[in-house]
Amino acid sequence: MLCAGTVGPAAAQGPVASPVTSGQAKPAPVAASNFPIASEARLAGDARQTRFVLDLDKAVPFRAFALADPYRVVVDIPQVSFNLAPGTGTVGRGLVKAFRYGLVLPGGSRIVFDLAGPARIAKSYLLEAANGQPPRLVLEFEQVDRTAFVQSLSRENRPELRSTIAEANAAVAVEGTATAAKPGQAPDMRPLIVIDPGHGGIDNGTQAGGEIMEKDLVLGFGLALRDRIEKTGKYRVVMTRTDDTFIPLNDRVKVARDRSAALFVSIHAESLPRREGDAEGATIYTLSDKASDAEAERLADAENKSDAIGGVNLTDEPTEVADILIDLAQRETRTFSNRFARLLMGEMKRTARMHKHPLKSAGFRVLKAPDVPSVLVELGYVSNRSDLKHMMSENWRTKTVGSMAKAIDAFLAKRLATAGAAK
């Protein structure tokens, strides 16, 4: 079987309830120390048979299943604290090229294996603690040909799993964002700004030295920007994530569209492969069906594929996207997006070092809302020592947050004045 059923410590039969149920209130935060701890992970074997072993401090239920194109195996478990050595999973063995792990939604963690070719899960089980050894989650992979893989895969029925995870992520993305008026209270008509810290959960984004992760840098920046904007009292602010949670790209856009946002700002940090030399400075991207240069196209391709790092593309690309690029409403939105990008560049260059070509365009999925002006800001390059030092500096962040808040205020003030004159 390519898709192993959900099993527990004693190989219990039957499914285990999802750790997050769509529609229910988000549980109160639980101290990290209360989560099971994964202390070590290792691979053994060769290109015919490969074994994965994960050491835990307590037994957990799990679900394992396979995916094709590219070949992957996904293991879903309740939320755990991964206390693994830096670099764990980056070097593969046998049938496994590499594996990655992390939080995929509140209450749930995920391990994703990138396979070297078609392989089936020959065995998957959890060993209870015994003889001084900790509980261990074990997966045994076995090489098969593509035909056998596809035939077995097509018989598996996984839509319920994908639907459950997609709904849970959508609930996380939207929860706490509503500002609907209470009975007898006037609705809050202040413009809404959506701040989108990129990546999160199992998707670390770019990394510096295996320790400093993009998802952490941009979350800290996004929260500081939110606080700065809210302090003025002039605008409402919604974050697509406020913690280390994986949110699919389409759900990020949906937050802005469902709330009729006045502006969507996605925050990222870039990295350049060594073979491509060195680059520095912040860059501001707007949507285009044709990238402004090769680097913009490469970055957009990498960002658009980030959903796959969760093991499954949790939501289908909406059919409207193909038409958005030629729709009149989208053209108007692009005009406003470009106007804000120019304003933002003018303010940021006063406090932050900018890329030699600071305004670019590419086909980022998070910028494809047809009715919400949107930009994606790369704060700098984590691959550049000077940029990384700036991004980790509280002083730099305070100044840059201030310049972005000033640009947002100038943009929305002008739009409000224009709207008022039109009325």
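Every read-out reported here was derived from the displayed coordinates using simple, explicitly stated rules and does not represent laboratory data. Every value quoted in this text rests on a predicted model; they were computed, and no experiment measured them. Cβ sites come from the backbone with ideal geometry, for glycine too, and all protein chains shown count toward neighbours.
Whole-percent P(r), the range 211-267, all Cα pairs, 10 Å bins from 0: 20, 53, 25, 2. At full extension, Asp46 and Ala302 could sit 89.1 nm farther apart than now, given 0.36 nm per residue minus the alpha carbon distance.
Taken along the Cα-to-beta-carbon direction at a fixed 7 Å, the label points for Asn34 and Asp145 span 5.3 nm.
Here the Debye sum runs over all C-alpha atoms of the range 44-135 as equal scatterers in vacuum, and log10 of I(q)/I(0) at q = 0.12 Å⁻¹ comes out as -0.38.
Other residues with beta-carbon under 9 Å from the beta-carbon of Met404 carry, at +1 per Lys or Arg and -1 per Asp or Glu, a net charge of +1.
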